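This report refers to the structure that appears directly beneath it.
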Amino acid sequence: MPERSIPALRAAVAAHTPQLLADFEANWRARIADTYDIGAAPAFLARWWAEYALARDPGLDRYVRDLEERAAQSADPDKAMALLEEAAQIHRRVSLLGPGE
């Protein structure tokens, strides 16, 4: 993982997960650049930190997306909740990764 800053994260996204770059840039513009809301920067960084952490591990990313898709399609609320909880645990775990991990 890069240094925990927006410029370092953007550089890492561009270098290692370029498929995310257009969405990263669009979200940056919509949430911060076009609104001048720098107060939104911590939430932006947190969201994209986890997105990048997942995307750099394609197998884990596919697994989490599959959990979320199965939850969305499940007719059983308990099963859907269990699937979403597993996905949320993975999101939490990757959001805690530090620089260099």
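Rule-based calculations on the coordinates, nothing more; no lab input. Because the structure is predicted, anything quoted here is derived from the model rather than measured. Glycine gets a Cβ as well: all are built from the backbone with ideal geometry, and neighbour counts include every protein chain shown.
Ignoring everything except DSSP H segments at least 4 long, calculate the 222 nm mean residue ellipticity for the chain; use -39,500 (n - 2.57) per segment, divide by total residues, nearest 500. All intermediate terms of the calculation are to be shown ahead of the outcome.
Details: 5 runs with 69 residues, N = 101.
Rounded to the nearest 500, it is -22000 deg cm²/dmol.
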Out of ALA8, VAL64, ALA40, whose Cα points farthest toward the positive end of the dipole of the chain (charges: +1 Lys, Arg; -1 Asp, Glu; placed on Cβ)? ALA8
In whole Hz and in residue order, list the ³J(HN,Hα) couplings for region 17-25 that follow from phi through the Karplus curve 6.51 cos²θ - 1.76 cosθ + 1.60, θ = phi - 60°; x for Gly and Pro. 9, x, 5, 8, 4, 4, 5, 4, 5
Which whole-number percent is the relative contact order of region 42-101 (Cα, under 8 Å, 6+ apart)? 38
Assigning unit charges at the beta carbon (Lys, Arg +1; Asp, Glu -1) and nothing else, what dipole magnitude in debye, to the nearest 20, does the chain show about its Cα centre? 240
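For the chain, what does the relative contact order come out to in percent, with C-alpha contacts under 8 Å and a separation of six or more?
34
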The chain - convex hull of the alpha-carbon atoms, volume per residue in Å³: 110
For an R0 of 25 angstrom, estimate the FRET efficiency from the Cβ-Cβ distance between ALA72 and ALA40 and round to the nearest 0.05. 0.40
Quick check: residue separation of LEU60 and ARG92 times 0.36 nm, minus the Cα distance between them. What number comes out in nm? 10.2 nm
